[in-house]
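Please treat every number below as a calculation from the coordinates, not as lab data. All of these numbers come straight from a predicted model, not from anything done at the bench. Reconstructed Cβ throughout: ideal geometry from the backbone, glycine too, with neighbour counts over all protein chains shown.
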Ligand code: ADP
Ligand code: MG
Ligand code: MG
């Protein structure tokens, strides 16, 4: 699904990723943990194609394509979903409208026709029900006045509707209470825990991993993956800290 080889990247001319390699297979959930400033978010941004995050070397193959050669919207259309810590608010644009436009833009980039209003609403209702989100919430402006938990639930509905192959979720658990954490965990499991999909969870803490059990846990430090293990590695990190484990 995703094969990152020897990836180097700079931000504001500063080398951040320094030869990072990581392979994610279909059906797998991977977690990346690591100290503050290690480059975890940078990795997410580089994979998403965010301006200002310059690739200096290495390669990334995603679903058989050269990911780094694609524009950000082409990456999304190819099945890459990025969830970030701080969801944007868009006053005046309803979530339903926003989701329909996002989905139809992706369909267009794949050479598929748009869904009609009726078809889209049917899909939106189905995904909202799956994630126990009130349809009335989706009629409100994107994220405006949403609580932390509601934003996350809306993001999970968005992920369900866009139906990506690979979801990269950066600190999606930060600042969430236990109930919201469960929503995110259930959302990831119900939408993404499938043999043809994969998930990369970037997280500081072990607690999200109680809800979404990773197949692999990696430690990112100094711009590369310095250790890989199973779920027990996350517990070890929680107990002993990054320095002890990554050294
Ligand atoms: P993490 O997510 O692991 O905490 P980041 O990827 O956010 O780490 O940051 C890695 C390093 O890159 C840090 O030293 C940070 O200061 C630097 N960095 C990130 N974004 C920028 C930016 N836009 N301009 C300058 N430096 C940045
Ligand atoms: Mg950080
Ligand atoms: Mg970060």
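Over the Cα atoms of region 1-133, Rg to Rh with Kirkwood Rh, two decimal places?
Numbers: Rg = 17.1 Å, Rh = 16.9 Å.
Reported Rg/Rh (Cα atoms, Kirkwood Rh): 1.01.
Relative contact order of the chain, please, whole-number percent, based on alpha carbon pairs below 8 angstrom and at least 6 residues apart.
With pairs under 8 Å counted, the relative contact order is 28 percent.
Report for the chain the percent antiparallel among DSSP-assigned beta bridges with both residues inside it, nearest 5.
Values: 25 of 42 bridges.
The antiparallel fraction comes to roughly 60 percent.
For region 148-168 and region 1-69, compute the distance between their C-alpha centroids and round to whole Å.
Cα centres, region 148-168 to region 1-69: 21 Å.
Report the Cα centroid-to-centroid distance between region 84-108 and region 186-247 in angstrom, as an integer.
If we compute the Cα centre of each part, the gap is 28 Å.
Sorted by average packing, counted as other Cβ atoms within 10 angstrom per residue and highest first, what order do 38-48, 54-64 take?
Going by the mean number of other Cβ atoms within 10 Å, highest first, we get 38-48, 54-64.
What ratio of Cα Rg to 2.2 N^0.38 Å holds for the chain?
Dividing the Cα Rg of the chain by 2.2 N^0.38 Å gives 1.00.
Describe numerically, in nm with one decimal, the distance between label points set 7 Å from Cα along Cα→Cβ at residue 105 and at residue 5.
Taking the two extended label points, one gets 3.2 nm.
Per residue of the chain, what 222 nm ellipticity follows from adding -39500 (n - 2.57) for every DSSP H run with n ≥ 4, rounded to the nearest 500?
Details: 9 runs with 98 residues, N = 247.
So the helix-based figure for the chain works out to -12000 deg cm²/dmol.
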